[in-house]
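Q: Sharing a structure below in structure tokens format, with a few things to ask.
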Amino acid sequence: MSGCEGPAGPAGPAGANGTDGTNGVDGTDGTDGVDGNVSCLQCHSAETPQVILEQFNQSVHAAGQIAVDYAGGRASCAQCHSSEGFIEFARTGDVEENISSPSAWECKTCHSIHETFEQTDYALRLADPIAFIYDTTGMEYDLGNSNLCTNCHQNRRGEPAYTNPGDSFNITSTHYGPHHGPQGNVLTGLGMAEIDGSFSYPAAESAAHYDIDNGNCTGCHMATYGNGAGGHTWNPALDGCNTAECHNGSVTDFDVNNVQTETAALLEELRDLLVAAGVVELGTEELYELNPETGEIELVVHLEGYHPVVGMHGMTEARAFFNWIGLAEDRSHGVHNPAYTKALLENSIAAMEALAL
């Protein structure tokens, strides 16, 4: 004879959560995942992407004239001169073929985006310490977040006595030099033509600006954005100089201790010596243009700036030119490494003056 079941009583208190299972094989719940919108909000908050984009649009990197024009599609240049080339280089260590339709840098050039959909999704593509292309020490240098910058901002040619030792050097192109972006070498204090002279060269890594906020380049060029500088404009920001760790509010411009003024004068002095020696000349271009006042077509001479004279030169003159063009194209006028810059210029000037005697 079977018994009868009465009505159910009230529910008891909730039991403790079960232990995490392995792929649910024991029937218990697994660990909760991160909410879907958390990692997205790292970039896609109400204002973050637009604020960064507005800063980026002020930068030379966004303009594209350096990237797309001429070099962006060439396999040998594209790793630094186009977004597609940089990404391929970061992924494989090389750019295998020419790129048919190169474009300028954008967020995903430097940052891995929408690959894992986790909080590290926007990490820098290149973060390992740098082994400079032209450096006799054979060492790696860790510039923090600036390792990414330095993959491109370094010498693409070695100085003449290093690549072609001897008494003379053949300059084969009006574009000869370290190659337009030697900031990493200047900052670290290596890879330029260290001509013997009365000014000693400081040891690599000894520059005052070598280790700033574990970022070097980013410590100054990506300080808190304000007045068109810092952030993703990459324009150097005085706020980055005036931190308690650096100049503590005492800096009103970048010409601290007249370093920029002195460097500009030394660059001009060395340039004039190179011009007198026939190593450098002022380039010109002759074009026929309409004179709006007379309505006549006239021959107009445009100055194109100074460039090396193609041909064979003495090794001292070639090395001095390498320093002049490299430090001019560093564009900091000595700020990146004042002592190293001064030694390079002063010793180059003295060597050129000795040749003229």
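The values are calculated or read from the model by the stated rules, or taken from the named source; none is laboratory data. All values reported here derive from a predicted model rather than from experimental measurement. Glycine gets a Cβ as well: all are built from the backbone with ideal geometry, and neighbour counts include every protein chain shown.
Q: Of these, ALA264, ALA223, ALA204, ALA229, which one is in contact with a Ser or Thr (Cβ under 7 Å, 6 or more places away or on another chain), aliphatic (A, V, I, L, M), under 26 Å from SER146 (Cβ atoms) and in the same structural domain as ALA343 (by TED's automatic domain parsing)?
A: One residue alone meets the criteria, ALA204.
Q: Kindly check whether there is at least one residue in the stretch 257-275 that is touching a strand residue (DSSP E or B) at 6+ places or on another chain (Cβ under 6 Å) and surrounded by fewer than 13 Cβ atoms within 10 Å (Cβ to Cβ).
A: no
Q: Taking the stretch 330-357, which residues are among the aliphatic types (A, V, I, L, M) and either farther than 24 Å from GLY219 by Cβ or in contact with a Lys or Arg (Cβ under 7 Å, 6 or more places away or on another chain) (or both)?
A: Listed by number, the residues that qualify are LEU345, ILE349, ALA350, ALA351, MET352, ALA354, LEU355, ALA356, LEU357.
Q: Out of all the residues in the stretch 118-173, which are more than 28 Å from HIS209 (Cβ to Cβ) and touching a helix residue (DSSP H, G or I) at 6+ places or on another chain (Cβ under 7 Å)?
A: GLU118, GLN119, ASP121, GLY166, ASP167, SER168, PHE169, ILE171
Here's the yes/no breakdown for (1) outside the structural domain of THR174 (by TED's automatic domain parsing); (2) at positive phi; (3) not hydroxyl-bearing (Ser, Thr, Tyr):
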{"position": "LEU290", "(1), (2), (3)": "no, no, yes"}
{"position": "THR294", "(1), (2), (3)": "no, no, no"}
{"position": "LEU299", "(1), (2), (3)": "no, no, yes"}
{"position": "VAL309", "(1), (2), (3)": "no, no, yes"}
{"position": "GLY326", "(1), (2), (3)": "no, no, yes"}
{"position": "ARG331", "(1), (2), (3)": "no, yes, yes"}
{"position": "ASN337", "(1), (2), (3)": "no, no, yes"}
{"position": "ASN347", "(1), (2), (3)": "no, no, yes"}
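Q: Which numbered condition trips up ASP142, out of (1) in the same structural domain as MET222 (by TED's automatic domain parsing); (2) farther than 28 Å from LEU190 by Cα; (3) of a type in the set (Asp, Glu)?
A: So ASP142 meets the others, but not (2).
Q: Do any strands (runs of 3 or more DSSP E) lying entirely in the stretch 251-357 carry at least 1 residues that are of a type in the set (A, V, I, L, M) and at pLDDT below 95, and which ones are they?
A: Hits in the stretch 251-357: 280-290, 297-308.
Q: If you don't mind, another one. Looking at ALA244 and the list (1) aliphatic (A, V, I, L, M); (2) more than 19 Å from CYS149 (Cα to Cα); (3) surrounded by 16 or more Cβ atoms within 10 Å (Cβ to Cβ); (4) modelled with pLDDT under 95, which single condition is not satisfied?
A: (3)
Q: Moving on. Name the residues in the stretch 65-89 that are crowded, with 20+ Cβ neighbours inside 10 Å, of a type in the set (Ser, Thr, Tyr) and farther than 17 Å from LEU124 by Cβ, would you?
A: SER82
Q: A follow-up question, please. Are there any pairs, at least 6 apart or on different chains, whose C-beta atoms fall under 7 Å, with the first in the stretch 49-68 and touching a residue at least 40 places away in the same chain (Cβ under 8 Å) and the second surrounded by fewer than 16 Cβ atoms within 10 Å (Cβ to Cβ), and if so, which?
A: Listed pairs, sorted by first residue: GLN58/GLY228.
Q: Determine the pairs where a residue that is free of Cβ contacts under 8 Å to residues at least 24 places away in the same chain, located within the stretch 312-337, has a partner that is in a helix (DSSP H, G or I) and surrounded by fewer than 24 Cβ atoms within 10 Å (Cβ to Cβ) with Cβ atoms under 7 Å apart, the partner being 6 or more residues away or on another chain.
A: Between residues of the stretch 312-337 that are free of Cβ contacts under 8 Å to residues at least 24 places away in the same chain and residues that are in a helix (DSSP H, G or I) and surrounded by fewer than 24 Cβ atoms within 10 Å (Cβ to Cβ), there is no close pair.
Q: Quick check on the stretch 278-299. Is at least one of its residues in contact with a strand residue (DSSP E or B) (Cβ under 9 Å, 6 or more places away or on another chain) and among the aromatic types (Phe, Trp, Tyr)?
A: yes
Q: Return the only residue of THR163, THR174, THR188 being closer than 27 Å to GLN79 by Cα and surrounded by 17 or more Cβ atoms within 10 Å (Cβ to Cβ).
A: Result: THR188 is the single residue among THR163, THR174, THR188 that is closer than 27 Å to GLN79 by Cα and surrounded by 17 or more Cβ atoms within 10 Å (Cβ to Cβ).
Q: Between a first residue in the stretch 265-279 that is under 19 Å from ILE171 (Cβ atoms) and a second residue that is among the acidic types (Asp, Glu), which pairs have beta carbons less than 8 Å apart while being 6 or more apart in sequence or on different chains?
A: Pairs that qualify, where the first residue is under 19 Å from ILE171 (Cβ atoms) and the partner is among the acidic types (Asp, Glu), are LEU273/GLU353; LEU274/GLU317; VAL275/GLU281; ALA277/GLU317; VAL279/GLU317.
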